[in-house]
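The values are calculated or read from the model by the stated rules, or taken from the named source; none is laboratory data. On a predicted model such as this, the values are computed, not experimentally measured, just so you know. Because the Cβ atoms are built from the backbone with ideal geometry, glycine has one as well, and the counts that use them run over all protein chains shown.
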Amino acid sequence: MTVIQPEPIPATAGGELNPSHFVGRRAATIRIRQMLENGQHIRLADPWRMGKTSWLRWFEASCTDDRWLQVKVISYTGLNSIRQFVERTVEGLAEIDAMPEAFLDYLRGLFDGLAPDGADGPVRFRMSLPGDEGSALKLMDGIVRTLDKTLGGRTDARPLVLGLDEVPDVILAMLRAGRTADGRNMLDRMRLWRANSRRLRWIIAGSIGLHHVLELAGVSRAAVNDLQPVSFGPLEPAEAEELVQRLVRGLGRRIEPAATASLIERTGAIPHLIQSLAARLRYDEHDMTTIGPITPAEVVSRFTAYIQDRDQSVAPAQLVARIRHDYGPDAPLAFAILDATLGVTGQHEPAPGAATQSGLAEGSPGATTPPGQPGPARLMPTPKTAGQLRAAVMATDRFDAVLNALVEDHYLIAVERGREFAWRYPALRAIYHERRAPWRQ
Ligand SMILES: Nc1ncnc2c1ncn2[C@@H]1O[C@H](COP(=O)(O)OP(=O)(O)OP(=O)(O)O)[C@@H](O)[C@H]1O
Ligand SMILES: [Mg+2]
């Protein structure tokens, strides 16, 4: 019998993942494809670095020669106006392979001074839109309508999937700057574009949940209820194992089976954490290249060092920064609720503020760390009822809304038929515990 060795891949702890190094998400991909083929539009809702952007880029690349779908991903990172949104979208549309010349001519007619960037390359639109936000939206109405019609006339009748990454953040930026009408208009019109699409499919992704945006805009859920929510969550066990094996081969090392299990357990099968840990396993504790087999003890000590390392681990720090960004003025309440669900912390200092002050954490079942195990990753979920949480924090009239948002954002999970709340992912709970500790910030 020939044993097929998994193809090695390099650890990519930061930056963009090369689509050919993407692993897993098979079931979710099948589900999403079916939805798209059925004419549905999708919202990718996942918290902190679960792999939305990587999936979009991989899906785009893997559909290059697809018979049924064409995919274009457009990223809106860092933008904060409708005009910028339209400009970026037009740039993106012009890059699409096999875009009918008629549509490109139409775009050229709309914008002065547009020229192909090199004879054979994609058409590049360098422009700055004249006019105000309202006219930019109107322009976009026409572009979407024309694009959808043009696609219908193609010999290749594949639907075009537009994967829009970080759009919610653009709208949030407008709302936070006090441009509420612009934010609302944008939500409204995007809904209209989706409703009128025949050949276009829309995937909206972003690190911030759309519910934050809707709330701030004062808009009802109806604005996005045509979007089917999909969330990836951690990798499935076999896929996590595949990622580990491929990364370990990429390191030129081997791994003991018990160490693979420990690595998956510590990281909660969250691909970003697996990658980050793998990147550290290239070197030993003394920064020397190492080639011996990875042991369970090495996994445990390196993971603990990773989440405690304040100098190099940017990503864990982002978990806390993300909460501050997404919850804005509600952040103190969000932190207090999350703190109150942490529980007793074993070998480490007491959990921050609320949990200890409230006395909730003491004596929680399963909250202590087994002897000999480094603390954080062994924390056990300690569900609290909404009443306990309310008593543990300085509850305001925002309490219900913030608790709900924490569940929607997948920080917390409602258990016991919605009566109790706990951290959804123990690995994120461990990181939060390390990074949130106020005496260290
Ligand atoms: N399926 C995967 N296979 C291999 N690595 C992955 C996979 N998914 C995610 N990763 C790793 O996790 C990292 C973060 O993923 P990504 O940037 O796609 O997350 P995200 O959900 O878009 O994050 P954010 O919420 O910050 O936008 C990637 O750089 C990569 O290292
Ligand atoms: Mg992303």
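For residue 161, the criteria (1) over 30 Å from residue 297 (Cα atoms); (2) within 16 Å of ligand 1 (Cβ to nearest atom); (3) crowded, with 22+ Cβ neighbours inside 10 Å hold in every case but one, which is (2).
Kindly indicate whether residue 178 is surrounded by fewer than 22 Cβ atoms within 10 Å (Cβ to Cβ) and within 16 Å of ligand 1 (Cβ to nearest atom). Criteria not met by residue 178.
Only one residue in 42, 32 is more than 14 Å from ligand 2 (Cβ to nearest atom), crowded, with 20+ Cβ neighbours inside 10 Å, within 15 Å of the chain's Cα centre (by Cα) and not assigned by TED's automatic domain parsing to the domain that holds residue 411, so which one is that? The conditions single out 42.
Results for (1) touching a helix residue (DSSP H, G or I) at 6+ places or on another chain (Cβ under 6 Å); (2) modelled with pLDDT of 95 or more, shown as yes or no for each residue.
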position: 235; (1), (2): yes, yes
position: 242; (1), (2): no, yes
position: 246; (1), (2): no, yes
position: 249; (1), (2): no, no
position: 255; (1), (2): yes, no
position: 278; (1), (2): yes, no
position: 282; (1), (2): yes, no
position: 289; (1), (2): no, no
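Out of all the residues in region 116-124, is one or more at pLDDT 70 or above and in the same structural domain as residue 165 (by TED's automatic domain parsing)? Checked against the condition, which is being at pLDDT 70 or above and in the same structural domain as residue 165 (by TED's automatic domain parsing), region 116-124 yields no hits at all. The residue pairs whose first member lies in region 165-183 and is over 16 Å from residue 325 (Cα atoms), whose second member is assigned to a helix (DSSP H, G or I) and within 16 Å of ligand 1 (Cβ to nearest atom), and whose beta carbons are closer than 8 Å, counting only pairs six or more residues apart or on different chains, are 165/52; 165/53; 165/56; 183/171; 183/172; 183/213.
Identification of helices (runs of 4 or more DSSP H) wholly contained in region 1-112 with 1 or more residues that are in contact with a His (Cβ under 9 Å, 6 or more places away or on another chain) and over 18 Å from residue 240 (Cα atoms) yields 26-37.
Taking into account only those residues within region 184-225 that are within 16 Å of ligand 1 (Cβ to nearest atom), of a type outside the set (A, V, I, L, M) and not in a loop (DSSP other than H, G, I, E, B), which is farthest from residue 160 (Cα to Cα)? By that ranking, first place goes to 212. Among the residues of region 50-75, the ones that are more than 8 Å from ligand 1 (Cβ to nearest atom) and free of Cβ contacts under 8 Å to residues at least 60 places away in the same chain come to 4 in all. Would region 172-194 turn up any residue that is in contact with an Asp or Glu (Cβ under 9 Å, 6 or more places away or on another chain) and either within 16 Å of ligand 2 (Cβ to nearest atom) or not assigned by TED's automatic domain parsing to the domain that holds residue 32 (or both)? There is at least one residue in region 172-194 that is in contact with an Asp or Glu (Cβ under 9 Å, 6 or more places away or on another chain) and either within 16 Å of ligand 2 (Cβ to nearest atom) or not assigned by TED's automatic domain parsing to the domain that holds residue 32 (or both). Picking from residues in region 395-441 that are among the β-branched types (Val, Ile, Thr) and modelled with pLDDT under 90, the one that is nearest to the chain's Cα centre (by Cα) is 431.
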